[in-house]
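Asker: Can you read through this structure? Questions will come right after.
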Amino acid sequence: MRSEQEVNRAIEEYADMVKRICVLHLKNDADTEDIFQTVFLRYALHTAPFRGPEHEKAWLIRVTLNACRDLLRSFFRSRTIPLQADEAHALGLSCGKYRAYQEVLACTDAYSAQEIGAMTMRQIRDLLAQLQAEDSPAAGSGNGQGSGQGNGHRYGRT
């Protein structure tokens, strides 16, 4: 088992690298923190001496990658539904409509989950665009149709 000073030095030196590897592979802050703790716990319990700083760094990289892969392959992760999916299904919405409903709620609370559930995704996107345009201070007075000075061609061709 390594001394507390050795572990603290390794954490100070390699913490950023370990977190970056975890975020890159896991894309989840909670899982990143779990793997971070696992890696440095393994480091603290590892008794074999390292041949140098490069060997220590390579060992930490390999342990981090293996821990990330183990988590991604784990039974729990592959057999569970994210909490957001549970919330969506409890409201009678698909995950996509639930995310859109959350965006609508961020703009206004005038729509219920049932009303959003009855809309098509196109209608929800249009509603969001309308709500976001109303909230935007730079919304301007135009109707989104351009200034009327073009010749009707996208790139100015005649």
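Asker: Got a sec? Which of Q102, Q123, Q132, Q149 is at pLDDT 75 or above, out of contact with any strand residue (DSSP E or B) (no Cβ under 7 Å at 6 or more places or on another chain) and more than 30 Å from N28 (Cβ to Cβ)?
Answerer: On the way: Q102 fails: more than 30 Å from N28 (Cβ to Cβ); Q132 fails: more than 30 Å from N28 (Cβ to Cβ); Q149 fails: at pLDDT 75 or above.
Testing whether each residue is at pLDDT 75 or above, out of contact with any strand residue (DSSP E or B) (no Cβ under 7 Å at 6 or more places or on another chain) and more than 30 Å from N28 (Cβ to Cβ) leaves just Q123.
Asker: Give me a count of the residues in segment 42-51 that are surrounded by 13 or more Cβ atoms within 10 Å (Cβ to Cβ) and either within 14 Å of the chain's Cα centre (by Cα) or without any contact (Cβ under 8 Å) to a residue 40 or more places away in the chain (or both). Break it down into steps so the answer makes sense when it comes.
Answerer: As a first pass, look at segment 42-51 and keep what is surrounded by 13 or more Cβ atoms within 10 Å (Cβ to Cβ): 42-44, 46, 50.
Adding the requirement that they be either within 14 Å of the chain's Cα centre (by Cα) or without any contact (Cβ under 8 Å) to a residue 40 or more places away in the chain (or both) leaves 42, 50.
Qualifying residue count, segment 42-51: 2.
Asker: Take segment 43-74 and flag every residue that is within 19 Å of K19 (Cβ to Cβ) and either outside the structural domain of V18 (by TED's automatic domain parsing) or of a type in the set (A, V, I, L, M, F, W, C) (or both).
Answerer: A44, A58, W59, L60, I61, V63, L65, A67, C68, L71, L72
Asker: Could you run through segment 14-55 and say how many residues are in contact with a helix residue (DSSP H, G or I) (Cβ under 7 Å, 6 or more places away or on another chain) and assigned to a helix (DSSP H, G or I)? Give the derivation first.
Answerer: First, the residues of segment 14-55 that are in contact with a helix residue (DSSP H, G or I) (Cβ under 7 Å, 6 or more places away or on another chain): 14, 18-19, 21-23, 25-26, 31-32, 35-36, 38-40, 42-44, 50.
So of that shortlist, the ones also assigned to a helix (DSSP H, G or I) come out as 14, 18-19, 21-23, 25-26, 31-32, 35-36, 38-40, 42-44.
Result for segment 14-55: 18.
Asker: If you don't mind, there's one more thing I want to ask. State yes or no: is R2 surrounded by 11 or more Cβ atoms within 10 Å (Cβ to Cβ) and assigned to a helix (DSSP H, G or I)?
Answerer: Working: surrounded by 11 or more Cβ atoms within 10 Å (Cβ to Cβ): yes; assigned to a helix (DSSP H, G or I): no.
No, not satisfied.
Asker: Let me ask something additional. Of everything in segment 65-83 that's modelled with pLDDT under 80 and in a loop (DSSP other than H, G, I, E, B), which residue is farthest from T120 (Cα to Cα)?
Answerer: First pass over segment 65-83, keeping only residues modelled with pLDDT under 80: 75-83.
Going one step further and asking which of them are in a loop (DSSP other than H, G, I, E, B), we end up with 79-82.
Numbers: R79: 30, T80: 28, I81: 24, P82: 24 Å.
The residue in question is R79.
Asker: Right, here's the next one. Would a scan of segment 57-64 turn up a residue that is in contact with a Lys or Arg (Cβ under 7 Å, 6 or more places away or on another chain), in a helix (DSSP H, G or I) and at pLDDT below 95? Outline the logic, then answer.
Answerer: Taking segment 57-64 first, the residues in contact with a Lys or Arg (Cβ under 7 Å, 6 or more places away or on another chain) are 63.
Still in the running and in a helix (DSSP H, G or I): 63.
Going one step further and asking which of them are at pLDDT below 95, we end up with none.
No, segment 57-64 contains no residue that is in contact with a Lys or Arg (Cβ under 7 Å, 6 or more places away or on another chain), in a helix (DSSP H, G or I) and at pLDDT below 95.
Asker: Out of the residues in segment 84-99 meeting the condition of being assigned to a helix (DSSP H, G or I) and surrounded by 13 or more Cβ atoms within 10 Å (Cβ to Cβ), tell me which one is modelled with the lowest pLDDT.
Answerer: In the first step, residues of segment 84-99 are kept if they are assigned to a helix (DSSP H, G or I); the result is 84-90, 95-99.
Filter once more, so that each one left must be surrounded by 13 or more Cβ atoms within 10 Å (Cβ to Cβ): 85, 87-89, 95, 97-99.
Numbers: A85: 71, E87: 79, A88: 76, H89: 76, C95: 76, K97: 83, Y98: 82, R99: 81.
Ranking the qualifying residues of segment 84-99, first place goes to A85.
Asker: Which one is farthest from P53 (Cα to Cα), of the residues in segment 1-23 that are without any contact (Cβ under 8 Å) to a residue 40 or more places away in the chain and touching a Phe, Trp or Tyr at 6+ places or on another chain (Cβ under 9 Å)?
Answerer: Let us first name the residues in segment 1-23 that are without any contact (Cβ under 8 Å) to a residue 40 or more places away in the chain, namely 3-9, 11-13, 15-16, 19-20, 23.
From what's left, touching a Phe, Trp or Tyr at 6+ places or on another chain (Cβ under 9 Å): 6-7, 11, 15, 19.
Numbers: E6: 12, V7: 14, I11: 13, A15: 15, K19: 19 Å.
That would be K19.
The values are calculated or read from the model by the stated rules, or taken from the named source; none is laboratory data. Just so it is clear, the structure is predicted and the values come from calculations on it, not from any experiment. Cβ coordinates were reconstructed from backbone atoms using ideal geometry, including for glycine residues, and neighbour counts include every protein chain displayed.
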